[in-house]
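Since the structure comes first, as structure tokens, the remarks are kept for the end.
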Number of protein chains: 2
Amino acid sequence: MQVKIKDVAKHAGVSVTTVSRVLNGEKYVKDDLKSRVNRAIEELGYAPSQIARSLVRKKTNLIGVIVPDLTSSFYSTILSSIEEMASANDYNLLVCNISEDIDKELKYLNVFQEMRVEGIIIMHEKINEPIRNFIHKIKIPVIFSSVKPMDQKFVSVIIDDYQASYEATKYLIELGHETIGFIGGDMRDITSGQNRYSGYRNAMTDAGTKLVFEHIRFGDYKVKSGYDQMKELLSVEHPPTAVFAVSDDMAVGAMNCIRDHNLRVPEDISVMGFDGSQLTELVRPTLTSMEQPIQQMGKVTMDVLLKQIAGETISMSDVVLEHRLVARESCRNRNEATRM
Amino acid sequence: MQVKIKDVAKHAGVSVTTVSRVLNGEKYVKDDLKSRVNRAIEELGYAPSQIARSLVRKKTNLIGVIVPDLTSSFYSTILSSIEEMASANDYNLLVCNISEDIDKELKYLNVFQEMRVEGIIIMHEKINEPIRNFIHKIKIPVIFSSVKPMDQKFVSVIIDDYQASYEATKYLIELGHETIGFIGGDMRDITSGQNRYSGYRNAMTDAGTKLVFEHIRFGDYKVKSGYDQMKELLSVEHPPTAVFAVSDDMAVGAMNCIRDHNLRVPEDISVMGFDGSQLTELVRPTLTSMEQPIQQMGKVTMDVLLKQIAGETISMSDVVLEHRLVARESCRNRNEATRM
DNA sequence: CTGAAAGCGCTTACAG
DNA sequence: CTGAAAGCGCTTACAG
């Protein structure tokens with residue numbers, strides 16, 4: 001049996017009320033009693049039950065987080081930054097890794113509700129009807145991090161994906177590339193699918209560069225799909241001289257595919273990534289990438305969520321963070337490249 | 001105000017006992033009442049409070065996990081596998097990312113206790129005195145995953161690090177390498193520090209290969225330290241022709257360093273990693289690695305922990321899983337290599 | 001098959 | 001400054 005407050009009270013010869021008071025650091029307890037209580041706590045190895053405390057206080061200090069893929073460097077970095085902020089504010093994280101499994105998500109959302117988490121963070125945008133209904137119904141604050149699903153009720157902490165993608169493409173154009181392949185995301189995703197595609201498309205047409213149907217492909221953000229889609233890009237009659245993949249993972253997959261076909265990055269083909277994950281510095285050549293402020297994204301997400309929990313009436317607008325193109329080795333000027 | 005069981009009872013015109021019964025799927029409730037209750041639950045959007053339920057059942061379905069570094073591919077993969085098993089068994093994960101911060105760990109361990117988690121998983125072996133005392137004192141099952149701290153009270157799910165390291169080294173020796181550099185871990189770590197070093201050392205001396213002091217270095221398992229230590233190895237008069245790093249991350253760092261010095265892997269220097277993380281297939285050349293069964297490690301950890309929670313008297317012995325050397329491109333026969 | 005009552009381990013007015 | 005009592009939202013004997 002766990003020792004409980006009653007045992008401590010008995011041991012110290014005081015009432016449970018008094019024990020509770022020293023537990024919660026209230027003043028108005030004589031030093032004499034306070035030290036007796038503390039000694040009893042020490043001697044009995046007492047640890048108050050958060051469960052019981054939560055019940056009466058109606059406060060759990062719990063936050064539920066739904067991660068699409070824990071093993072992804074991008075998400076685990078956001079999560080780690082969320083965790084840091086949470087911990088600093090005495091919140092604990094209940095984490096759920098749904099790997100494309102929508103049923104699991106719904107189940108977890110229910111668990112979150114039953115656990116009376118004070119806030120929910122969601123990091124993907126594949127929101128189906130039951131989930132949409134659910135998050136609209138509950139009165140727990142919900143916030144989206146790194147994505148913005150088609151839904152105006154919730155705050156999203158994101159970058160301007162359209163603009164970022166536009167600039168990334170423009171960068172390649174300015175490097176002299178006239179054929180730029182695109183490895184996009186899931187077009188059902190607004191943020192990372194549609195917006196990034198639009199940015200690419202408009203940058204191309206604005207520059208008077210023609211869009212080549214065979215140069216436009218879509219993956220699932222993971223390394224393997226980058227590899228597979230690149231393979232397709234290499235198999236067309238006139239492969240592009242540069243490729244823009246909307247995730248670093250896919251960009252790395254593309255780079256590997258290019259190398260496995262005995263071509264060189266960036267001499268033969270330039271590769272541009274997106275996200276700014278650890279991978280960028282880890283591969284060779286290092287990967288030029290349109291970077292999201294990943295750490296900050298996690299931090300700001302928790303910041304805003306904590307405010308929502310505190311009941312501050314948040315203006316329902318999104319938080320849009322700065323993106324930044326970090327040039328590394330994987331992209332090269334087309335003319336220099338051909339000269340080599 | 002949250003709707004509670006009393007509201008449902010009133011709405012359905014039954015007692016809370018009856019509502020509780022249908023909630024918990026007990027038989028002995030007339031279909032008539034059952035459907036009235038279910039309708040009331042539906043209409044009111046009622047979700048039972050796990051907090052209250054936990055209090056009376058003395059069961060939280062919570063497991064606390066302490067991860068050294070969420071952004072590491074190795075740990076996040078174990079965590080993801082733990083999460084999967086937990087979820088399948090209706091357990092939820094409270095995760096704590098301590099980044100070398102021992103104070104944070106102790107704080108979290110306290111939180112875990114107060115939250116009445118049913119089990120605790122720890123994935124590192126830097127156990128200091130206060131933490132040791134703490135985990136020895138609490139009556140919550142504690143299990144170590146991927147490490148075995150110097151302590152006999154707890155079960156560890158591990159591989160035979162000594163043997164794995166011995167075999168990895170032997171593999172390089174059999175490839176004809178006579179000078180094999182070593183990038184080890186923290187020698188305060190029994191499992192991944194001392195045991196892996198011993199395996200290397202003994203494989204070398206058993207083969208009659210002499211240990212070269214300047215060829216033996218120690219990092220912190222991360223990419224950067226692999227890079228830095230490799231730089232040192234390259235600066236000695238006679239650099240080794242092969243390098244064994246005790247983590248894939250360090251091995252990748254070493255590979256990058258070698259390349260940045262205009263040397264080739266594996267033509268000039270072979271590189272062997274350890275862990276079997278996603279990186280192995282992702283870098284070029286692909287990384288030969290002594291692999292741990294990462295997924296299985298997470299799964300088995302949860303398996304054993306669940307048994308301990310169920311009160312099964314576990315024989316206090318560790319679970320030792322199979323390691324496996326996976327040969328890829330980064331290691332080459334010394335003679336072939338020099339011929340090129 | 002159904003319900004009234006006690007109790008899970010705390011906190012918090014309320015009274016003194 | 002201290003304590004008795006009510007209550008947080010459930011479940012579970014117990015009685016019928």
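The values are calculated or read from the model by the stated rules, or taken from the named source; none is laboratory data. A quick note: this is a predicted structure, and the numbers were derived from the prediction, not measured. Neighbour counts are summed over all protein chains in view; Cβ atoms, including those assigned to glycine, are modelled from backbone coordinates with ideal geometry.
List the pairs whose first member sits in the stretch B:42-56 and is more than 7 Å from every other protein chain (Cβ to nearest Cβ), whose second member is within 10 Å of DNA strand D (Cβ to nearest atom), and whose Cβ atoms are under 7 Å apart, counting only residues at least 6 apart or on separate chains?
Close Cβ pairs satisfying both conditions: B:Leu44/B:Val3; B:Leu44/B:Asp7; B:Leu44/B:Val8; B:Tyr46/B:Val3; B:Tyr46/B:Val8.
In the stretch A:114-162, which residues are within 20 Å of A:Leu321 (Cβ to Cβ), more than 14 Å from chain B (Cβ to nearest Cβ) and in a loop (DSSP other than H, G, I, E, B)?
A:His124, A:Glu125, A:Pro141, A:Ser146, A:Val147, A:Lys148, A:Pro149, A:Asp151, A:Gln152, A:Phe154, A:Asp160
Pairs, please: C-beta under 8 Å, at least 6 apart or cross-chain, first residue more than 18 Å from B:Gly253 (Cβ to Cβ) and in the stretch B:281-301, second in a loop (DSSP other than H, G, I, E, B) and of a type in the set (Asp, Glu)?
B:Pro293/B:Glu322
Would you confirm whether any residue within the stretch A:73-83 is at the interface with chain B (Cβ under 7 Å from one of its Cβ atoms), of a type outside the set (A, V, I, L, M, F, W, C) and within 16 Å of DNA strand C (Cβ to nearest atom)?
no
Out of (1) away from every other protein chain (no Cβ under 14 Å); (2) within 21 Å of B:Val65 (Cα to Cα); (3) not aliphatic (A, V, I, L, M), what's the single condition that is false for A:Ser165?
Every listed condition holds for A:Ser165 apart from (2).
With the structure loaded, tell me whether A:Leu79 is assigned by TED's automatic domain parsing to the domain that holds A:Glu129, away from DNA strand D (no atom under 15 Å from the Cβ) and not in a helix (DSSP H, G or I) or whether it fails that test.
no
Hey, does the stretch B:128-144 have a residue that's within 30 Å of B:Thr205 (Cα to Cα) and of a type in the set (Asp, Glu)?
no
Conditions first: (1) within 18 Å of A:Pro149 (Cα to Cα); (2) modelled with pLDDT under 95; (3) out of contact with any Asp or Glu (no Cβ under 9 Å at 6 or more places or on another chain). A:Gly184 passes all but one, so which condition is the exception?
Going through the list (1) within 18 Å of A:Pro149 (Cα to Cα); (2) modelled with pLDDT under 95; (3) out of contact with any Asp or Glu (no Cβ under 9 Å at 6 or more places or on another chain), A:Gly184 breaks only (2).
Check B:Phe112, B:Phe134 and return the single one that is surrounded by 23 or more Cβ atoms within 10 Å (Cβ to Cβ) and touching a residue at least 12 places away in the same chain (Cβ under 8 Å).
It is B:Phe112.
For the stretch B:21-44, which positions are within 16 Å of DNA strand D (Cβ to nearest atom) and either in the same structural domain as B:Leu106 (by TED's automatic domain parsing) or among the polar types (S, T, N, Q) (or both)?
B:Asn24, B:Asn38
Surrounded by fewer than 23 Cβ atoms within 10 Å (Cβ to Cβ), assigned by TED's automatic domain parsing to the domain that holds A:Met85 and on the phi > 0 side of the Ramachandran plot - does that describe any residue in the stretch A:115-123?
Scanning the stretch A:115-123 turns up at least one residue that is surrounded by fewer than 23 Cβ atoms within 10 Å (Cβ to Cβ), assigned by TED's automatic domain parsing to the domain that holds A:Met85 and on the phi > 0 side of the Ramachandran plot.
Only residues in the stretch A:13-30 that are in a helix (DSSP H, G or I) count as the first member; pair them with residues that are near DNA strand C (Cβ under 8 Å from one of its atoms), Cβ under 6 angstrom, at least 6 apart or cross-chain, and list the lot.
Note: pairs meeting the criteria are A:Val16/A:Ile5; A:Val16/A:Lys6; A:Val19/A:Ile5; A:Val19/A:Val8; A:Leu23/A:Pro48.
Take the conditions polar (S, T, N, Q) and within 12 Å of DNA strand D (Cβ to nearest atom) and apply them to A:Ser15. Does it pass?
Taking the combined requirement at face value, the residue satisfies it.
Condition first: buried (at least 17 other Cβ atoms within 10 Å of the Cβ) and under 19 Å from B:Leu109 (Cα atoms). Now tell me which residues in the stretch A:29-51 satisfy that.
Those that are buried (at least 17 other Cβ atoms within 10 Å of the Cβ) and under 19 Å from B:Leu109 (Cα atoms): A:Ile41, A:Tyr46, A:Ala47, A:Pro48, A:Ser49, A:Gln50, A:Ile51.
With A:Arg188, A:Arg201 as the choices, which residue is outside the structural domain of A:Thr71 (by TED's automatic domain parsing) and under 19 Å from A:Glu125 (Cα atoms)?
On inspection, the qualifying residue turns out to be A:Arg188.
Working only within the stretch B:20-30, note down all residues that are within 8 Å of DNA strand C (Cβ to nearest atom) and either touching a His at 6+ places or on another chain (Cβ under 9 Å) or on the phi < 0 side of the Ramachandran plot (or both).
Passing the criteria: B:Ser20, B:Arg21, B:Glu26, B:Lys27, B:Val29, B:Lys30.
Can you find, within the stretch A:101-141, the residue that is farthest from A:Thr77 (Cα to Cα) among those that are in contact with a Lys or Arg (Cβ under 8 Å, 6 or more places away or on another chain) and modelled with pLDDT under 90?
Within the stretch A:101-141, the match that is farthest from A:Thr77 (Cα to Cα) is A:Ile102.
Hey, does the stretch A:50-58 have a residue that's within 15 Å of DNA strand D (Cβ to nearest atom) and in contact with an Asp or Glu (Cβ under 6 Å, 6 or more places away or on another chain)?
yes
Among the residues of the stretch A:38-56, count how many are within 11 Å of DNA strand C (Cβ to nearest atom) and farther than 23 Å from A:Tyr91 by Cβ.
Total meeting the criteria: 3.
Could you list, in sequence order, the residues of the stretch A:85-105 that are more than 7 Å from chain B (Cβ to nearest Cβ) and assigned to a helix (DSSP H, G or I)?
Answer for the stretch A:85-105, where residues must be more than 7 Å from chain B (Cβ to nearest Cβ) and assigned to a helix (DSSP H, G or I): A:Met85, A:Ala86, A:Ala88, A:Ile102, A:Asp103, A:Glu105.
Go through (1) away from DNA strand D (no atom under 16 Å from the Cβ); (2) of a type outside the set (Phe, Trp, Tyr); (3) touching a Ser or Thr at 6+ places or on another chain (Cβ under 9 Å); (4) on the phi > 0 side of the Ramachandran plot one by one and return the number of the condition A:Asp90 breaks.
Single failed check for A:Asp90: (3).
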